[in-house]
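*Asks:* After the structure tokens below, expect a handful of questions from me.
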Amino acid sequence: MTVLVIELTPGPNMAYLAALTLAAGRKAGLAAVAGVALGLSLIGIAAAAGLATLIAASPMIWGALRWAGGLYLLYLALETWRGETETSPAGTASISRTGARYFSRGVITNVLNPKAALFYVAIVPRFLPETGPTLATGLGLTAISVAVATSVHLAIVLLAARMHPLLSQPGRMERTRHALAIGLAGIAAWFLLTTTGPSA
């Protein structure tokens with residue numbers, strides 16, 4: 001329930017997946033969902049192994065992740081504004097290449113997300129046994145949280161996909177791209193303002 005409440009709260013993943021699906025369609029959104037799931041899994045595994053605690057305790061590492069994540073979102077916003085080649089009829093011809101690109105972006109967006117790491121440091125330990133956490137327990141909770149998050153992300157993509165045909169009609173795509181680019185830039189700014197440190 002805790003994971004569900006957190007995932008239903010607007011954040012970078014929710015906004016990014018909605019914006020991507022509205023601009024590029026369901027296949028792009030689903031590929032990104034898979035990437036996001038892998039990224040969250042990697043962070044969860046790192047947290048279970050103790051790495052996330054080290055990151056949260058190091059202002060330098062935390063700051064580097066924070067700026068890398070924010071700048072990456074700004075890069076995605078700029079690319080959306082310009083118009084990505086794979087969203088055109090010619091670009092979408094290579095489905096495997098397009099899917100791999102969106103998949104990798106989903107992974108990177110979450111690996112560079114310090115708030116995701118903080119979730120596994122500040123929230124997950126509350127559900128670990130008092131006798132002491134084990135790697136197996138940490139991995140089990142990671143699997144549950146990733147499954148819940150992925151379910152929410154899939155729902156967002158499927159809902160946004162229903163609007164894609166309308167927004168991608170000739171004459172509307174450029175305006176749609178620009179609006180989504182501004183939205184992603186706003187997400188990047190929000191990301192940087194709300195991830196000032198582990199205690200924020």
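*Asks:* Would you rank 178, 153 by solvent-accessible area, highest first, keeping every protein chain in place and using a 1.4 Å probe?
*Replies:* The ordering from most to least exposed comes out as 178, 153.
*Asks:* Something else about it: So what does residue 104 come to for accessible area, using a 1.4 Å probe and Å² rounded to 10?
*Replies:* 50
*Asks:* Compute the length gained on full extension between residue 82 and residue 190: take 0.36 nm times their separation in residues and subtract their Cα-Cα distance, giving the result in nm to one decimal.
*Replies:* Working it through step by step, the gained length comes to 36.7 nm.
*Asks:* A follow-up question, please. Mind ranking 62, 67 by accessible surface for me, highest first, 1.4 Å probe?
*Replies:* 67, 62
*Asks:* Mind ranking 27, 115 by accessible surface for me, highest first, 1.4 Å probe?
*Replies:* 27, 115
*Asks:* Calculate one ³J(HN,Hα) per residue across segment 17-31 by plugging θ = phi - 60° into the Karplus curve 6.51 cos²θ - 1.76 cosθ + 1.60, and present them in order as whole Hz with x for glycine and proline.
*Replies:* Residue by residue, segment 17-31 yields 5, 5, 5, 5, 5, 4, 8, 10, x, 5, 4, 5, x, 5, 4 Hz.
*Asks:* How much length, in nm to one decimal, is gained on full extension between residue 159 and residue 174, taken as 0.36 nm per residue of separation minus their Cα-Cα distance?
*Replies:* 3.3 nm
The values are calculated or read from the model by the stated rules, or taken from the named source; none is laboratory data. In this text, all values refer to a predicted model and were calculated from it rather than measured experimentally. Surface areas here come from the heavy atoms of the whole protein model, side chains and all, with no ligands, DNA or RNA. Shrake-Rupley method; radii C 1.70, N 1.55, O 1.52, S 1.80 Å.
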